Amino acid sequence: MRKLATVALGITMVAASSAGSASDLIDRVKDGYADNQGVKIHYAEIGSGPPVVFVHGFPDFWYSWRHQMEALAEAGFRAVAIDQRGYNLSDKPEGVAAYAMPNLVGDVVAVIKSLGVEKATVVGHDWGGAVAWQVALNVPQVVDKLIILNLPHPNGMTRELATNPEQQKNSEYARNFQTKSASDPDVFFGMPLQPQMMAGWVTDPEAKKHYVEAFERTDLEATLNYYKANYPRPPYDAAWQRIQENPGPKAQMPVLQFHGLNDTALNANGLNDTWKWLEKDLTLVTIPGAGHFVQQDAPDLVSETMVWWLKMRR
């Protein structure tokens, strides 16, 4: 039986109690590398127990998950956060095709295999959420449970692009990324795509230093290749019609989904009807006052909910 649990929780300010607790995590994690057909994917690991693999989005790197990694490690889980290809310490293959979704899915599968396990809980945010959905839908045998942050199910995203003028407007930045290069002076929301600019959303000064350093190691053109290779393109109506006729396979594992309701890039309406595309239960946590980077805007709430949900399903 399909079940839907919805938790609406309000916050009036960014949760700060854990904001500095993970400041030295970079010095304590164990670094590892997985190989996907010659492309090395870096990951950082802490803790022991059932594996949980985190996949970041744009513009980000593995450190985005520092609060959740600490919390899960303390709760008896093996927290593993990857640098997606093109970012930080992972390899940076050239060309748009290298960043097509099958390669990104293969990177996550390679990391899971490199851990010496058959399956893991997969967690994804933004582009990492898009990848996590596709891993769950196309390689379900490696996914124990699925956690998604601020990224609708791909069917919901297609529907909103086809029918919701607000989402169409919010996606103008992505179409800009598809047509410009990293060297264009106004490519990044009217600014150049530079490490300092890319880290502008990070509010914690100590964390921001790590971000700038990671983005200096990042292939900036590669970050746009995610959009060039994978972001939906018009005509959206035709794509939505195809999905209505054939919605594709249902996710076979339990799903926990977070959404910061102040997200200006991804409209919360995309969450509607997610349960139609799932075989098992969905737990949905909407967070007023949190934005797109919900794992950092509300770190305690996100971390504690993850621990509770994962322990409940052990």
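None of the figures in this text is laboratory data; all of them are computed from the coordinates on show. Bear in mind that the values here come from a model prediction, so they are computed numbers and not experimental data. Cβ placement follows ideal geometry from the backbone for every residue including glycine, while neighbour counts extend to all protein chains displayed.
Send over the per residue convex hull volume for the range 35-177, Cα only, as a whole number of Å³.
Value for the range 35-177: 112 Å³ per residue.
Distance between the C-alpha centers of the range 238-314 and the range 149-204? Whole Å please.
If you average the Cα positions of each part, the centres end up 19 Å apart.
Subtracting the Cα-Cα distance from 0.36 nm times the residue separation, let me have the gained length for N262 to R28 in nm, one decimal.
81.0 nm
What FRET efficiency, computed as 1/(1 + (r/R0)^6) with R0 = 25 Å and r the Cβ-Cβ distance, is obtained for E279 and E304, rounded to the nearest 0.05?
According to the calculation, E is roughly 0.40.
What is the extension gain from R175 to W201, computed as 0.36 nm multiplied by their sequence separation minus the C-alpha to C-alpha distance, in nm to one decimal?
Gain on extension, R175 to W201, equals 7.3 nm.
What is the set of long-range amide H partners of Q257 at a cut-off below 5 Å, with H atoms built 1.01 Å from backbone N?
Long-range HN contacts for Q257: I148, T283, L284, V285.
Which pairs break 18 Å Cα to Cα here: K40/K208; K92/K113; K250/K280? Before the final figure, lay out each step's value.
Numbers: K40/K208 25 Å; K92/K113 21 Å; K250/K280 9 Å.
The pairs that break the limit, which is 18 Å between Cα atoms, are K40/K208; K92/K113.
Considering only the other residues whose Cβ falls under 11 Å of the Cβ of Q178, what net charge follows from Lys and Arg at +1 and Asp and Glu at -1?
Cβ neighbours under 11 Å give a net charge of +3.
Show me the ranking of peptides 148-160, 221-233 by mean Cβ neighbours inside 10 Å, starting with the highest. Walk me through the numbers on the way to the answer.
Values: 148-160: 24.5, 221-233: 20.2.
For the peptides 148-160, 221-233, the packing ranking is 148-160, 221-233.
How high is the relative contact order of the chain, in percent, with contacts defined as C-alpha pairs under 8 Å that are six or more residues apart?
25 percent
With θ set to phi - 60°, apply the Karplus curve 6.51 cos²θ - 1.76 cosθ + 1.60 along the range 166-180 and write out the HN-Hα couplings as whole Hz, x wherever there is a Gly or Pro.
Result, rounded to whole Hz: 5, 5, 4, 5, 5, 8, 4, 4, 5, 5, 5, 4, 6, 10, 10.
Please list, in chain and number order, the residues 5+ apart from N36 or on another chain whose amide H is under 5 Å from its amide H, with Hs placed from the backbone.
Correct list: I41.
Looking at [x] 19.5, 62; [y] 19.0, 55; [z] 18.0, 52, which value of Rg and Dmax of the Cα atoms in Å comes from a calculation on the structure shown?
Only one listed value fits the structure, namely [z].
Would you kindly derive the ³J(HN,Hα) couplings of the range 200-206 from the backbone phi angles with the Karplus curve 6.51 cos²θ - 1.76 cosθ + 1.60 (θ = phi - 60°), listing them in order in whole Hz, with x for Gly and Pro?
Per residue, the Karplus-derived 3J(HN,Hα) values read x, 7, 7, 8, 7, x, 5 Hz.
Tell me, how many Å apart are the Cα centres for the range 132-148 and for the range 47-122?
Their Cα centres are 13 Å away from one another.
Nearest-5 percent of antiparallel DSSP beta bridges in the chain?
30 percent
Going by amide H atoms built from the backbone, whose H comes under 5 Å of the H on L193, apart from near neighbours?
So L193 has HN proximity to V187, F188.
Over the alpha-carbon set of the range 199-314, work out the extent along each principal axis and list the three values in angstrom, largest first.
That gives 48, 40, 26 Å along the principal axes, largest extent first.
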